[in-house]
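Each reported figure results from applying straightforward, stated rules to the coordinates on display, with no laboratory input. Remember, predicted model here, so these are calculated numbers, not experimental data. Counting neighbours? That spans all protein chains shown, and the Cβs are built from the backbone with ideal geometry, glycine included.
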Amino acid sequence: MPAAALKTQFESLLGGHLDWQSRPAPECVPSGIPALDAATGGLPRGCLTEIFGPASSGRTSLLLSILAQATHREEVCAIVDAEDAFDPASAAAAGVELDRLLWVRSAQNAEHALKAADLLIQGGGFGVVVLDLGDTPPATARRISLTSWFRLRRAVENTPTVLISVARQSNAKTCASLELACAREHAAWSGALHSSRLLRAISARPTSIQRSKTCSPVFTAAAL
Amino acid sequence: MFACLHGSGPLTALAFQFSPTVEQTAPDTVTFDASGLERLFGFAQDIAASLARRAGELGVEAAIAIAPNPDAAICAARGFSGTSVIPYGDEAKFLAPLPVALLSPSPELQETFDRWGIRRFQDLAALPPLGIAERLGLEGLRLRELARGEAGRKLLPLADPLRFEDRIELDYPVELLEPLAFVLARLINALATSLAARALATDEIRLQLKLENRATHERVLRLPVPTLDTKAFLKLLDLDLSQNPPSAPVVEVRMAMNPVKPQSAQSGLFVLAAPEPVKLELTVARLKAIVGPGRVGTPVLLDTHRPDAFRMTPAFVPSAPPSAPKFRLSIRLFRPPRAAQVALASGYPSFVAAGAIRGKILDLAGPWRTSGDWWTADPWLRDEWDVALSDGALYRLYCDPRGWFVEGSYD
């Protein structure tokens, strides 16, 4: 008996059409930016989320906000820092509980960073695993094969871990369930030039690309 | 049958080699239950000879006595030098010449014995029990029993100090880690089995490798929680040895495990999942093998104003409850800071070139002068600037006695 006939018979027996193909929507966690959460629904667990954009586009502030939210939920997080750019003081100021954060400094080696991220996901138990390629030259990041991203996506599937990749441009392509393209808006300064000038904040606009749904709220990261 | 050792040296260790029931009677006296040893050694004289031989090997200088009851053995060991074997029923006859002072009577009783002219065990043993009970009370009766070698009691045994150690001497030197792993696996399994038999786990594994060049290579593996996961032990030791290999082929492997009670904790229904401690230790060890030691851990901020001051700790130590998250502007650091060439205009930076970072300064804030540790050998002093470059990015620039540097980018 063909599969279609079997399916029809089974559905008639159960009394209605059954959705066999679609998977349940993943649980989402908040990023800490209400506008972004309202627009995207949060960051999906068991999926790869990609945050990319040029320098000073608010990627790191967004990332630290996500980590702060996760550690506030008493989850253990890990950051694989490919370029050794993570600043613990900034993270602590953003509310990240450093004693719930495992920091892996892979010293300008993207290949080691990928291996480390894979090991952390396989180890399990982490709420958020971050692969930070934010300062890795685009040419180097582009050399990471799509197979590696597929491997990471497969590894994180069916786990409660939120896998986040931070880079200058999109690398994971279709492997990412959610892409947040950050763009600079403007920097806010206060005081007169050459006297009491202060950098107050930067505004950034992340554009979310989640299947066919696109949104672009603005958030402001304050310096003080 | 009981044996007593009276003297100096590792008496307890010697006694434990012959019996599990050992009493530390006094600092210089150890008594143990020797019943059953005749099946191993033969007659009491043979047991005594074996004891004397082993004592010589261990460097113990002690009088050895074997008797049907512990107190007779103690009196004989304290009273006679060398080796004494008291046959069953001859205790009183054997102990007869010993001085009464050996029984440590109270000063009043000793005075009474002196007045009565009782100097030796045989004098005390010959006194009628009823008369002693009337005149000297219970203590007198006890001393008479001791003098006759009739006192019977149970030993107060010492707890055997638990040691989980094992060693394997190799037939030929092993150079590679892979064959060594088989030896390690054998030791780990044997020790873990003996720990499991006593419902114990371990939180520390000490490995000692004797090398062909007569050197010793020691490694200590500390675990975050007590466990008996033999596969994890083997993998951790393997990773550790691959990072810190011995300098020469291995000829002998010694391993010791620290016995501790296993961790017993009930997980809460609403407690969030966290990495399993042993699995996390294994993951961290693997990460260290990839990125190098000292580059994996939890950052701890140091109590100083010095920029980028932190240290790495090996494991998570969640202490305080988490504070409320705050959304703040963050910085990405360049480690080491990038040396920059800065053009000044009217005393303010106007152009920056530091490798790929290059541009005209459109806006700036600063200088923020900071310094510290001037009382130490490693002082620091710098002027910081926040600059917006023509490429659109915001950077932190600083100037110290060595020159200009770009410390990081605001992101």
Once both label points are put 7 Å beyond Cα along the C-beta direction, the residue B:190-residue A:139 separation in nm becomes 5.8 nm
Compare the Cα positions of B:179, B:256, B:243 along the charge dipole of region B:164-260 (+1 at Cβ of Lys, Arg; -1 at Cβ of Asp, Glu; about the Cα centre) and return the one farthest towards the positive end. B:256
Mean separation of Cα pairs under 8 Å and 6+ residues apart, divided by the residue count of region B:63-146: what relative contact order is that in percent? 24 percent
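Give me B:257, B:312, B:1 ranked fewest to most by other Cβ atoms within 10 Å of their Cβ, as a rough exposure proxy.
B:312, B:1, B:257
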What does a probe at residue A:196 reach in region B:343-373, counting residues whose amide N is under 19 Å from the point 7 Å along Cα→Cβ? B:364-369
Please get the size of the charge dipole for the protein assembly as shown, origin at its Cα centre, with Cβ charges of +1 on Lys and Arg and -1 on Asp and Glu, quoted in debye to the nearest 20. 1900 debye
Reachable aspartates and glutamates from residue B:326, Cα under 13 Å, same-chain residues fewer than 8 places away excluded? A:97
Convert 20 °C to kelvin, take the viscosity as 1.002 mPa s, use the Kirkwood radius over C-alpha pairs of region A:119-196 as Rh, and evaluate the Stokes-Einstein diffusion coefficient in µm²/s, rounded to a whole number. 144 µm²/s
What FRET efficiency comes out for the pair residue B:247/residue B:374, r = Cβ-Cβ distance, R0 = 56 Å, nearest 0.05? 0.80
Using 21 Å as the Cα-Cα cut-off, could you pick out the over-long pairs in A:115/B:279; A:115/A:173; B:231/B:261; B:210/B:261; B:210/B:279; B:231/B:279? B:210/B:261; B:210/B:279
FRET efficiency, residue B:326 to residue B:154 (Cβ-Cβ, R0 60 Å, nearest 0.05): 0.30
A correct Karplus calculation of ³J(HN,Hα) over region B:371-378, with 6.51 cos²θ - 1.76 cosθ + 1.60, θ = phi - 60°, whole Hz and x for Gly and Pro, returns 7, x, 6, 5, 8, 10, 7, 10
Between the DSSP loop rule and a limit of at most 16 other Cβ atoms within 10 Å, which chymotrypsin sites (Phe, Trp or Tyr not before Pro) in region B:344-378 are left? B:374, B:375
Cβ-based charge dipole, region B:285-411, positive-most Cα from B:344, B:287, B:330: B:287
Using the C-alpha gyration tensor of region B:82-158, what are the square roots of 5 times its eigenvalues, in whole angstrom, with the largest one first? 21, 15, 13
FRET efficiency for residue B:225 and residue B:142, using Cβ-Cβ distance with R0 set to 56 Å, rounded to 0.05: 0.60
Using modelled amide H (1.01 Å from N, peptide plane; none on Pro or chain starts), what sits under 5 Å from the amide H of residue B:310, excluding residues fewer than 5 places away? B:302
With 10 angstrom as the radius, rank A:77, A:182 by how many other C-beta atoms surround their C-beta, starting from the fewest. A:182, A:77
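Given an 8 Å cut-off on Cα distances and at least 6 residues of separation, report the relative contact order of chain B as a percent.
Relative contact order for chain B comes out at 9 percent.
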Given 25 °C, 0.890 mPa s and a Kirkwood radius over Cα pairs, the Stokes-Einstein diffusion coefficient of the protein assembly as shown in µm²/s is 78 µm²/s
Give the angle, between 0 and 90 degrees and rounded to the nearest 10, that separates the Cα long axis of helix A:59-72 from the longest principal axis of the Cα atoms of chain A. 70 degrees
Chain B - Debye-derived log10 I(q)/I(0), Cα point model, q = 0.11, 0.12 Å⁻¹: -0.99, -1.05
Given contacts defined as C-alpha pairs under 8 Å and at least six residues apart, what's the relative contact order of chain A, whole-number percent? 24 percent
How charged is the neighbourhood of residue B:323? Take every other residue with its Cβ under 14 Å from the Cβ of residue B:323, and add Lys/Arg as +1 and Asp/Glu as -1. +1
Charges on Cβ only, +1 for Lys and Arg, -1 for Asp and Glu, centred on the Cα centroid of the protein assembly as shown; of B:43, B:232, A:4, which one is farthest towards the dipole's positive end? A:4
Its Cα gyration tensor gives region B:2-148 an equivalent ellipsoid whose semi-axes in whole Å, largest first, are 30, 15, 12
For residue B:252, enumerate residues with amide H under 5 Å from its amide H, sequence gap 5+ or separate chain, H modeled in the peptide plane. B:170, B:210
Quote to one decimal, in nm, the extra length available between residue B:302 and residue B:348 on full extension: 0.36 nm per residue of separation minus the C-alpha distance between them. 13.4 nm
Normalised per residue, the volume inside the convex hull of the alpha-carbon atoms of region B:210-268 in Å³ amounts to 97 Å³
If every Lys and Arg gets +1 and every Asp and Glu gets -1 at its Cβ, then about the Cα centre chain B yields a dipole, in debye to the nearest 20, of 1020 debye
Taking H placed 1.01 Å from N in the peptide plane, check which residues at least 5 places from residue B:340 or on another chain put their amide H under 5 Å from its amide H. B:404, B:405, B:406
About the Cα centre, charge dipole magnitude for region B:2-148 (Lys/Arg +1, Asp/Glu -1 at Cβ), debye: 220 debye
Neighbouring Cβ atoms within 10 Å as the yardstick, rank B:378, B:71, B:28, B:411 fewest first. B:378, B:28, B:71, B:411
Stokes-Einstein D (µm²/s) once Rh is taken as the Kirkwood radius of region A:24-182 over alpha-carbon pairs, at 37 °C in 0.692 mPa s: 216 µm²/s
Give the Rg (one decimal place) followed by the Dmax (whole number) of region A:70-135, computed from C-alpha coordinates and expressed in Å. 11.5, 31
Please compute, over every Cα-Cα pair in region B:164-260, the percentage with a separation greater than 24 angstrom. 16 percent
Pop out the ³J(HN,Hα) list for region B:224-237 in order, Karplus 6.51 cos²θ - 1.76 cosθ + 1.60 with θ = phi - 60°, rounded to Hz; leave Gly and Pro as x. x, 9, x, 8, 9, 7, 5, 5, 5, 4, 5, 5, 5, 5
Return the sequence-ordered ³J(HN,Hα) values of region B:333-349 in whole Hz as given by the Karplus equation 6.51 cos²θ - 1.76 cosθ + 1.60 applied to θ = phi - 60°, using x for Gly and Pro. 8, 9, 10, x, x, 8, 5, 10, 9, 10, 8, 9, 9, 6, x, 10, x
